[in-house]
Amino acid sequence: MDFSHSQTQQKQHYSPKHNNKKRLTEDQVRLLERTFTTNKKLEPELKVQLANQLGVPPRQIAIWYQNKRARWKTQSLELDYNTLQVKLDNALSDRRRLEREVVQLQEELWRARQMVFTLSQETAVQPTVNGSCNSSCDDRGSSSLHEDVNGDVLQLDELYACLYGAGGGSTWV
């Protein structure tokens, strides 16, 4: 027996089975789709009922349900993936925005520190004090004292207190 003759016999053997299978009509598919929306799993009683109602073998209903469930799971996974992708994109966008905001705030903080440092350097050389900051500047024995051009001595803590307005409402002028 040669190889080509054996293949021909196999084709003849499987062809009749394939021809017996009927395709479902649009109405039949619509009915199956409706039942699938309420019952994702095919129970034996439902399978027999649908087979009788549609006039097809119960095995064909079972195969349709199996294929539909596989497609449904794939679609569900795709939807979940797309939802997660959108959430990831939003989270990454928020992260980039927050990173830019952090950089801006760090720059702002650096500028503020520079201003405080500059002001403390200027006031250490020539402070002009009004009111209560000047009245508490008579302690000349401390190591953290600064003397202005008028001979007034200020402690560093008092300078900062005056700078931040904590010196009893006094301000630097």
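What full-extension length gain, to one decimal in nm, is calculated for residue 121 and residue 75 as 0.36 nm per residue of separation minus the Cα-Cα distance?
On the way: separation 46, 0.36 × 46 = 16.56 nm, distance 6.80 nm.
This chain segment gains 9.8 nm when fully extended.
Find the Cα radius of gyration of the stretch 24-97, compare it with 2.2 N^0.38 Å by division, and give the number to two decimals. Write down the numbers at each step before the final one.
Numbers: Rg = 18.5 Å, N = 74, 2.2 N^0.38 = 11.3 Å.
Relative to the 2.2 N^0.38 Å estimate, the stretch 24-97 comes out at 1.64.
Can you compute the modelled spin-label distance between residue 66 and residue 82, with each label point 7 Å from Cα toward Cβ, in nm?
2.9
Every number here is computed from the coordinates shown, using simple stated rules; none is lab data. Bear in mind the structure is a predicted one, so any value in this text is a computation, not a measurement. We place every Cβ from the backbone using ideal geometry, glycine too, and count neighbours over all the protein chains shown.
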